Amino acid sequence: MTDLRERTRFEPAEVEPRIVDAWLASGLFSPEPQGDPSENYSIAIPPPNVTGALHMGHALNGAIQDALIRWHRMRGQRSKWILGTDHAGIATQTQVERRLLEEGTSREEVGREEFIRRVWEWRAQYGGTIIEQYKRLGASCDYDHERFTLDEAYVGAVLKVFVALYEKGYVYRDNYMVNWDPGSQSAISDLEVEDREVTDTLYHVAYPLEDGSGEIVVATVRPETMLADTAVAVHPQDERYSHLIGRTAILPLVGRRLKIIADDYVKPEFGTGALKITPGHDPNDFEIGRRHGLEEISVIGEDGLMTESAGPEYAGLTVEHAQAEVVSRLEAQGLVRHAESYTHDVPYSHRSGQRIEPLISLQWFMRMDELAAPAIEAVESGRVKIHPASQSRRYLHWLKEIRPWCISRQLWWGHQLPVWYRADETYVGENAPEGEGWERDPDVLDTWFSSALWPFATLGWPRDTPELKAFYPTDVLLTARDILFLWVARMVMMGIEFAGDIPFDHVYVHSVIQAPDGRRMSKSLGTGIDPMDLIEGGGGYPAYGADAVRFGLLAMSSTQDVRFSEEKVGQGRALTQKLYSAARLILLGVGPDTRPAVVPASVEDRWILSRLERARAEVCGRIDGYDFSHATLTLYDFVYGELCDWYLELFKARELDEDLSATALYVLRETLALCHPVIPFVTEELWSHIPGADGLLAGGRLPLPGERDLEAEAAFGHVIDAVTAIRAWRDGAEIKPGDRLAAALPEGLDARSVAQLARLDIDGAREGHPAPVLTSSGPVEIWGGVDPEEEARKRADQRKLVESEIARAESKLSNAGFVAKAPEAVVQAERNKLERLRAELETL
């Protein structure tokens, strides 16, 4: 425990690790599985990759989730934050493959069994990094029940789901067009593909007609794929080509006969309006080919090189080299009619960063239509509420246009498919088949397949566990928009299908924090900011501490992307220090036997108690509405602008008695509780000094908002207005801060408070002409330290300004068009303004 007399500043580096140890030892973060979801509260953490370290997205997501978990725990709900990590198939395998390359070997050389052993070894060495960093952030996860998407029980759940989907006919094997990632040597899903703007050359190539009567010119940015062309397509309504439909063209360089077909997909305005059809290397051509029964030829292999089907002149060449060769030969034959620059979107792998190669491949797929229907209904009916509403529209649009999902991956690290083959037989089951000659499919499942089970598999499904009964469905999922389809929609589908209910009631899609210059945060771009550098100091940043970083991230958060603001983190540090100083002032001033109680002895006591209730109601509403930036602003304004700037300034001047001490302690205790979900470390440390405080604040209670004392708020509001006006006048008159001036106050204004805060002497000698200071309670007259003639000149200038404003307002309100067309609220505001200005002129 910090010695408040010796330690004048809050020291995060010393306090925060000690507080984490106390929290973990308490068992508060691992609630007993009792009750049901309606009385409990739970969140399933988006499982970070086991390969990862804490980045800014994790920190923001974690700060939001922890604020919610702590908030509901303090409301008396049994609150569980489900923790675990994802095996991250491609990312983890890539890390270990790099290590093998450094050792001069490869996964193929060491073999599958040894490679898997190496990955587990790597996971044991590095997999706990991000979990420890979550602790340092103050995340109150259930660390005692950490899960992993490849732990034994989780694997069992995944296999059970796969087999069930197969038996329903939703999972099947087929030769189909996939997104082939040459970098990871695996198929990846549509959602793991990102479009990048690329400028290629658009070649116009002449395909001679078979009968020698002419040619048809096609436009392509990939002339190397023409070696796999099996047709030419035109739009059925394109009059330029209607006479060619049904005739035959000859594929240059190859000599293959190509039927000229009509298809509505063709865009007459693109290129020449004639489209080369390559079913083996373009997803749209693939669909056209299936509609017209075209041959499917593959001339690019999974290794990214041209295959034997491309012909002996091209086999073994890279795609780039093959393109150059094809163009050179076409030009030599005089078949390139035109070439131009063409900028378009090209698919790249989000995983490896390499350009996607559309290939026809034998893969396992999952039909989504039957699963999508109830997931659509869940959102349309409001059972699952997505915040903001615009993300609901994105979710529904994707589900209504959903396509089969390629779920097999050509990797070794992951959930190996529970599929075995023998001759022409295929066996799918949770356990290996009996008999000889069976060979298991070497592929693994897409990582997102296993992640889709996360909210219920982590709680013990398919067993009917106490945890599942108590905490499923969870209450809310916090995520960024980039995985709304990859993960969120699939969890809804799987939850309804297998756990029998939606996996969460709410989805909050939070902002992505960009670099300060607006670019995305990225290590490769040099724009990344490590949250641990902000917490502990490093990378050019001072050690702000976890509370400051949490506050800053919550203050930045919204549903729109935001630029990182170090200023907001600094604001968080200032708040922790201000709260610490305020607590020292109160705790070191009260007697050892004083206990927190509501015993208001003055108007400022009543005022601060009422403002505390207002802050409590405001923060409660903001957090319940997932408006974390305004929740943090409310806390900041209350602590800084009300507790410290006004109440404690008077507290310091008052003679301490039992009633004042008890009230001040009560306000401090309730302020610590209110701030705890946002800045848990400093509040927990100060809580340990509160007389009579029982146990940890993390396990304490946060009362519901109570009644406000509006009479006290109005009365002390006049004090604040008067003091603010007098301070502004003193600054303008260049009165020394320590000078006390004689003054007369209007009736009804609390003289003691105003005199203390504005440094006035209401009993002082009143010599000469007083200077009036306008306040909401009437003019305050002040003697001494001013030049009467100068004050008269200032009043005259002020009168002219007010008269000018009155004339402007009267002119505006006499304009019939303004009164008729402007919103009623705007017109009324102008009338109120005019009334206020006239009263001010009368006072002057």
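Scanning the range 454-497 for residues being of a type outside the set (D, E, K, R), surrounded by 19 or more Cβ atoms within 10 Å (Cβ to Cβ), over 21 Å from the mean Cα position of the chain (by Cα) and in a helix (DSSP H, G or I) gives a total of 9.
Somewhere in the range 584-595, is a residue buried (at least 19 other Cβ atoms within 10 Å of the Cβ), touching a Pro at 6+ places or on another chain (Cβ under 7 Å) and either more than 20 Å from Leu137 (Cβ to Cβ) or at pLDDT 95 or above (or both)? Scanning the range 584-595, I find at least one residue that is buried (at least 19 other Cβ atoms within 10 Å of the Cβ), touching a Pro at 6+ places or on another chain (Cβ under 7 Å) and either more than 20 Å from Leu137 (Cβ to Cβ) or at pLDDT 95 or above (or both), so the answer is yes.
Can you find a residue that is surrounded by fewer than 18 Cβ atoms within 10 Å (Cβ to Cβ), among the aliphatic types (A, V, I, L, M) and farther than 22 Å from Val193 by Cβ anywhere in the range 382-401? Within the range 382-401 (the criterion being surrounded by fewer than 18 Cβ atoms within 10 Å (Cβ to Cβ), among the aliphatic types (A, V, I, L, M) and farther than 22 Å from Val193 by Cβ), the answer is yes, since at least one residue qualifies. Is it the case that some residue within the range 419-436 is within 23 Å of Glu192 (Cβ to Cβ) and surrounded by 13 or more Cβ atoms within 10 Å (Cβ to Cβ)? Within the range 419-436, one or more residues are within 23 Å of Glu192 (Cβ to Cβ) and surrounded by 13 or more Cβ atoms within 10 Å (Cβ to Cβ). Phe29 falls short on exactly one of the conditions (1) touching a strand residue (DSSP E or B) at 6+ places or on another chain (Cβ under 8 Å); (2) farther than 27 Å from Leu575 by Cβ; (3) assigned to a loop (DSSP other than H, G, I, E, B), and that condition is (2).
Taking helices (runs of 4 or more DSSP H) that fall entirely within the range 731-839, which contain at least 1 residues that are under 23 Å from Lys652 (Cβ atoms)?
Working: elements: 751-758, 788-813, 816-821.
Where helices (runs of 4 or more DSSP H) fall fully within the range 731-839 and carry at least 1 residues being under 23 Å from Lys652 (Cβ atoms), they are 751-758.
Do we have Arg7 as closer than 25 Å to Pro691 by Cβ and assigned to a loop (DSSP other than H, G, I, E, B) here? Answer is yes for this residue. In the range 526-553, the residues that are within 18 Å of Lys135 (Cα to Cα) reach residues that are part of a strand (DSSP E or B) with C-beta atoms within less than 6 angstrom, at least six apart or across chains, in these pairs: Asp533/Tyr541; Leu534/Tyr541. Arg766 passes every criterion in (1) open to solvent by 70 Å² or more (accessible area, probe 1.4 Å); (2) within 49 Å of the chain's Cα centre (by Cα); (3) more than 29 Å from Arg831 (Cα to Cα); (4) of a type outside the set (S, T, N, Q) apart from (2). Among the criteria (1) among the small types (Gly, Ala, Ser); (2) modelled with pLDDT of 95 or more; (3) open to solvent by 20 Å² or more (accessible area, probe 1.4 Å); (4) in contact with an Asp or Glu (Cβ under 7 Å, 6 or more places away or on another chain), the one Gly545 does not fulfil is (3). The condition of being surrounded by fewer than 22 Cβ atoms within 10 Å (Cβ to Cβ) and free of Cβ contacts under 8 Å to residues at least 40 places away in the same chain holds for Ala728.
Restricting Phe651, Phe628 to residues that are modelled with pLDDT under 95, of a type in the set (Phe, Trp, Tyr) and surrounded by 16 or more Cβ atoms within 10 Å (Cβ to Cβ) narrows the list to Phe651. What do you reckon, is Ala673 without any contact (Cβ under 8 Å) to a residue 40 or more places away in the chain, within 22 Å of Glu618 (Cβ to Cβ) and outside any loop (DSSP other than H, G, I, E, B)? Considered against the rule, which asks whether it is without any contact (Cβ under 8 Å) to a residue 40 or more places away in the chain, within 22 Å of Glu618 (Cβ to Cβ) and outside any loop (DSSP other than H, G, I, E, B), Ala673 comes out as no.
For residues that are among the hydroxyl-bearing types (Ser, Thr, Tyr) and either within 30 Å of the chain's Cα centre (by Cα) or closer than 19 Å to Leu672 by Cβ (or both), tally how many sit in the range 587-625. Please lay out each step first, then the result.
Within the range 587-625, the first condition is being among the hydroxyl-bearing types (Ser, Thr, Tyr), and the residues that meet it are 594, 602, 610.
If we keep only those that are either within 30 Å of the chain's Cα centre (by Cα) or closer than 19 Å to Leu672 by Cβ (or both) as well, we get 594, 610.
So the answer is 2.
Looking only at the range 654-681, residues that are charged (D, E, K, R) and either modelled with pLDDT of 95 or more or buried (at least 23 other Cβ atoms within 10 Å of the Cβ) (or both) come to 2 in all. Within the range 558-583, the residues that satisfy the criterion of being under 24 Å from Trp687 (Cβ atoms) and surrounded by 20 or more Cβ atoms within 10 Å (Cβ to Cβ) are Val569, Gly572, Arg573, Leu575, Thr576, Leu579, Tyr580, Ala582, Ala583.
Here's the yes/no breakdown for (1) without any contact (Cβ under 8 Å) to a residue 60 or more places away in the chain; (2) under 14 Å from Pro47 (Cβ atoms); (3) touching a Lys or Arg at 6+ places or on another chain (Cβ under 9 Å):
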{"site": "Glu436", "(1), (2), (3)": "yes, no, yes"}
{"site": "Trp448", "(1), (2), (3)": "no, yes, yes"}
{"site": "Pro466", "(1), (2), (3)": "no, no, no"}
{"site": "Tyr472", "(1), (2), (3)": "no, no, no"}
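Any residue at all in the range 704-725 that is open to solvent by less than 10 Å² (accessible area, probe 1.4 Å), in contact with a helix residue (DSSP H, G or I) (Cβ under 8 Å, 6 or more places away or on another chain) and within 23 Å of Leu60 (Cα to Cα)? No, that holds for no residue. Residues considered: Glu269, Glu296, Glu287, Glu308. Of these, the only one that is of a type in the set (Asp, Glu), open to solvent by 10 Å² or more (accessible area, probe 1.4 Å) and more than 30 Å from Glu239 (Cα to Cα) is Glu308. Exactly one residue out of Arg795, Arg759, Arg799, Arg831 is open to solvent by 40 Å² or more (accessible area, probe 1.4 Å) and in contact with a Gly (Cβ under 9 Å, 6 or more places away or on another chain): that is Arg759. Restricting the first member to the range 352-364 and to residues that are of a type in the set (A, V, I, L, M), and the second to residues that are open to solvent by 50 Å² or more (accessible area, probe 1.4 Å) and not in a strand (DSSP E or B), the beta-carbon pairs closer than 7 Å and six or more apart or on different chains are Leu359/Glu302; Ile360/Glu296.
If I filter the range 82-114 down to residues being more than 15 Å from Leu411 (Cα to Cα) and among the aliphatic types (A, V, I, L, M), which single residue comes out as most open to solvent (accessible area, probe 1.4 Å)? Applying the filter and picking the extreme gives Leu101.
Those strands (runs of 3 or more DSSP E) of the range 172-246 in which at least 2 residues are aliphatic (A, V, I, L, M) and more than 35 Å from the chain's Cα centre (by Cα), considering only elements entirely within it, cover 193-208, 215-220, 231-234. When the range 460-479 is filtered for residues that are under 13 Å from Lys80 (Cβ atoms) and acidic (Asp, Glu), the ones remaining, listed by number, are Glu467, Asp475. So in the range 346-360, with the set limited to residues that are assigned to a strand (DSSP E or B), touching a Ser or Thr at 6+ places or on another chain (Cβ under 9 Å) and open to solvent by less than 10 Å² (accessible area, probe 1.4 Å), which one is farthest from Pro279 (Cα to Cα)? The residue in question is Ser349. Reported count of residues in the range 58-95, each being out of contact with any Pro (no Cβ under 6 Å at 6 or more places or on another chain) and of a type in the set (Lys, Arg), is 2.
Taken together, Arg18, Arg9 contain a single residue that is without any contact (Cβ under 8 Å) to a residue 24 or more places away in the chain and out of contact with any Lys or Arg (no Cβ under 6 Å at 6 or more places or on another chain), which is Arg18.
Would you check if Ala693 is surrounded by fewer than 20 Cβ atoms within 10 Å (Cβ to Cβ), in contact with a Ser or Thr (Cβ under 8 Å, 6 or more places away or on another chain) and free of Cβ contacts under 8 Å to residues at least 60 places away in the same chain? Even if it seems obvious, please write down each step before you answer.
Numbers: surrounded by fewer than 20 Cβ atoms within 10 Å (Cβ to Cβ): yes; in contact with a Ser or Thr (Cβ under 8 Å, 6 or more places away or on another chain): no; free of Cβ contacts under 8 Å to residues at least 60 places away in the same chain: yes.
So Ala693 does not fit the description; no.
The values are calculated or read from the model by the stated rules, or taken from the named source; none is laboratory data. This is a predicted model, so every value here is computed, not measured. For neighbour counting, all protein chains shown are included, and Cβ atoms are generated from backbone atoms with ideal geometry for every residue, glycine included. The protein model used for the area step is the full one, side chains on, heavy atoms only, and it has no ligands, DNA or RNA in it. Shrake-Rupley method; radii C 1.70, N 1.55, O 1.52, S 1.80 Å.
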